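What follows is calculated from the coordinates using simple rules that are stated; it is not laboratory data. Here the structure is a predicted model, which is why all the values come from computation and not from measurement. We place every Cβ from the backbone using ideal geometry, glycine too, and count neighbours over all the protein chains shown.
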Amino acid sequence: MKNWFWLGVILLFSRGITAQTTIQKDSLKTQNVPVVLSDSMIIAAADSLKKVKSSDSTKFFPVPRTATKLALIPGMGQIYNRDYWKAPIVYVAFGGGLYAYYLNSIKYRDYLNAYKQFFILDKDSVDYGNLKPELVDSTVSVRVRNLLNTNSEYLPATKDQAARGKNYWRRNRGFALIVTGLIYTLSIIEANVAAHLKTFDLSDDLTLRIEPKLQQPAMRTPTPGVRLVFNIK
């Protein structure tokens, strides 16, 4: 009888221990709790996307071919690219080159006219092209202009002085014409290059980025470092 009594007691205690263990295991079970985004977060994300799209749609992207064609008129290519501060520079440089060509041209003509006074230019004369006997050792008046062409004076000049002045201002006229042509060409090239540069992607998503890295190729333990990331589009 005692044996049956103790056997019953042992069975009751074993069931209690098993029930406690099961309850403890159930209490330790994890549940997957779904993450619910709030309305404010969704609205903020949508607004940010709208801002990015609106900024891309309103951004001006010039056409390089159109900019080059308009640059044939000095300054118009820069205005088309919306580089308004460059247009006055083009106008001043191009206008200065044209004015230098004009001033050197009139000075060349002044010395050329003075040089012609030493020769017989009557085509009906038998001495056409020869020096005038009365001006062989004499001088003639030549007009000398200032830089702004607002005042001038007449100075005496011999035949050699008139020839040197004529050649000097002719070379300056040719040099001014070359510089003006270079300025004109550079303004066209600048408009084309600026239009190409404005079409480049200047966003934060760059092609080359520098990022931190913990795992190094020759290290067995985590070691801080950096890496270069290339984004090929």
Spin-label point model (7 Å from Cα, Cβ direction): what's the Ser105 to Arg65 distance in nm? 3.5 nm
Dipole check, the stretch 74-233, charges on Cβ (K,R +1; D,E -1), about Cα centroid: among Thr158, Ala194, Pro133 the Cα furthest to the positive pole belongs to Ala194
Rounded to one decimal in nm, the spacing of the 7 Å Cα→Cβ label points at Leu182 and Lys213 is 4.8 nm
Out of the stretch 58-120, which trypsin sites (Lys or Arg not before Pro) are coil in DSSP terms and have no more than 14 other C-beta atoms within 10 Å? Lys59, Arg82
Here the FRET efficiency for Leu98 versus Leu121, based on Cβ atoms and R0 = 35 Å and rounded to 0.05, is 0.65
